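K.L.:
My questions will all concern the structure given below.
The values are calculated or read from the model by the stated rules, or taken from the named source; none is laboratory data. Please read these numbers as outputs of a predicted model, since none were measured by experiment. Here the Cβ positions follow ideal geometry from the backbone for every residue, glycine too, while neighbour counts run over all protein chains shown. Surface areas here come from the heavy atoms of the whole protein model, side chains and all, with no ligands, DNA or RNA. Shrake-Rupley method; radii C 1.70, N 1.55, O 1.52, S 1.80 Å.
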Amino acid sequence: MRGTKLFTLALFSAAFLSFTPANKKLIVIDAGHGGNDMGANRNGIYEKDVVLNIGKEIQKLNNAQDKYEVILTRDNDTYSQLAERTALINKLNPEIVISLHMNSSPHAESPEEGSEIYTQNTEDSKKLADKISKKFNVQKIEEKNLHILRESKVPTVLMELGFINNTKAREYMTSEKGQKEIAQKFVEIFNEY
């Protein structure tokens with residue numbers, strides 16, 4: 001089964017690349033979790049759904065651009081192993097990878113609202129984090145030994161967009177306006193990259 005999934009991912013990436021204009025560079029957006037891996041949740045709102053919606057919005061807003069092609073590691077509510085995601089990323093060899101997540105704290109209502117970024121131990125990953133931090137209210141940038149950061153061979157960051165158990169942050173990240181504004185900031189970052 002695992003081999004079949006990797007084959008399917010490889011087939012998808014080969015087919016996709018055959019339709020990608022040669023002059024466009026690739027950016028991968030990894031919407032964290034998926035399928036029966038819900039991620040953080042609060043009041044029936046699941047991290048997996050919110051980050052997927054934001055990832056799709058980034059892809060949609062970016063479509064009008066000439067510089068980059070945005071590819072999602074998942075475009076529906078499916079789960080793939082981290083090893084499968086990083087295998088796809090490394091096969092596609094994009095310019096950058098941004099893995100989207102939502103944070104949660106042990107409190108019922110988190111006093112924290114802001115975002116956090118985790119980086120690889122590379123200058124390019126840290127530069128990408130710095131560009132993102134200038135667009136968002138980033139509370140913390142920290143190097144971390146996470147699978148997607150460790151195994152991706154291109155500049156990669158993992159971004160916790162905000163705390164799902166902070167009412168204000170959750171309402172913003174789940175609103176159409178908030179998701180469009182978040183996506184627009186990423187597209188602006190791509191244009192500056």
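K.L.:
Could you tell me how many degrees, from 0 to 90 and to the nearest 10, lie between the Cα long axis of helix 82-92 and the main elongation axis, the longest principal axis, of the Cα atoms of the chain?
P.N.:
Long axis of 82-92 versus the principal axis of the chain: about 50 degrees.
K.L.:
Hey, another quick one. Between ALA108 and ASP75, what is the spin-label point distance in nm, taking each point 7 Å from the Cα along the Cα→C-beta axis?
P.N.:
4.2
K.L.:
Hey, can you find the accessible area per residue of region 123-189 for me, probe 1.4 Å, expressed in square angstrom?
P.N.:
Working: 3340 Å² over 67 residues.
For region 123-189, the per-residue accessible area is 50 Å².
K.L.:
Run the dipole for region 45-138 about the Cα centre, Lys and Arg Cβ at +1, Asp and Glu Cβ at -1, nothing else charged, and hand back the magnitude in debye, nearest 20. Working shown, then result.
P.N.:
On the way: 12 positive and 16 negative charges, 64 e Å.
Result for region 45-138 is approximately 300 debye, rounded to the nearest 20.
K.L.:
Determine the relative contact order of the chain: mean sequence separation of Cα pairs under 8 Å and six or more apart, normalised by residue count, in whole percent. Don't skip to the end; give the middle numbers.
P.N.:
Working: 337 pairs, mean separation 48.3, N = 193.
Worked out over the chain, it gives 25 percent.
K.L.:
Over all pairs of distinct alpha carbons, what does the Kirkwood formula give as the hydrodynamic radius of region 20-63, in Å?
P.N.:
It is 11.9 Å.
K.L.:
First measure r as the distance between the Cβ atoms of ASP130 and ASN36, then evaluate 1/(1 + (r/R0)^6) with R0 = 30 Å and state the FRET efficiency to the nearest 0.05. Could the numbers behind the result be given before it?
P.N.:
Working: r = 35 Å, r/R0 = 1.18.
Rounded to the nearest 0.05, the efficiency is 0.25.
K.L.:
Here's a follow-up. Given the pairs LYS24/LYS144; LYS126/LYS153; LYS91/LYS140, which span a C-alpha to C-alpha distance of over 26 angstrom in this model?
P.N.:
Beyond 26 Å between Cα atoms: LYS24/LYS144; LYS91/LYS140.
K.L.:
Rounded to the nearest 0.05, what FRET efficiency do LYS25 and THR122 give with R0 = 25 Å and r taken as the Cβ-Cβ distance? Could you check?
P.N.:
Values: r = 18 Å, r/R0 = 0.73.
Efficiency computed from Cβ-Cβ geometry: 0.85.
K.L.:
Considering Cα pairs under 8 angstrom that are at least six residues apart, work out the relative contact order of region 67-166 and quote it in whole percent.
P.N.:
Values: 152 pairs, mean separation 41.4, N = 100.
Taking the mean separation of contacting Cα pairs over the length of region 67-166, I get 41 percent.
K.L.:
How do ILE58, ILE45 stack up against each other in accessible area, from largest to smallest, with a 1.4 angstrom probe?
P.N.:
Largest accessible area first, the residues go ILE45, ILE58.
K.L.:
Beyond 20 Å, what percent of the Cα pairs of region 74-138 remain? Spell out each step's value before the answer.
P.N.:
Details: 952 of 2080 pairs.
That tail contains 46 percent of the Cα-Cα pairs.
K.L.:
Here is a further query. Could you tell me the relative contact order of region 23-117? Use alpha-carbon pairs under 8 Å, at least six residues apart, and round to a whole percent. Walk me through the intermediate numbers first.
P.N.:
On the way: 133 pairs, mean separation 38.4, N = 95.
Dividing the mean separation by the residue count of region 23-117 yields 40 percent.
K.L.:
So what's the angle, to the nearest 10 degrees on a 0 to 90 scale, between helix 176-192 and the longest Cα principal axis of the chain?
P.N.:
Roughly 50 degrees between the two axes.
K.L.:
For region 110-193, what does the convex hull of the Cα positions come to per residue, in cubic angstrom?
P.N.:
On the way: hull volume 7.9 nm³, N = 84.
About 94 Å³ per residue, rounded to a whole number.
K.L.:
Direction-averaged shadow area of the convex hull around the Cα atoms of the chain, nm²? Each step should come with its number before you reach the end.
P.N.:
Values: hull surface 42.1 nm².
Its average projected convex-hull area is 10.5 nm².
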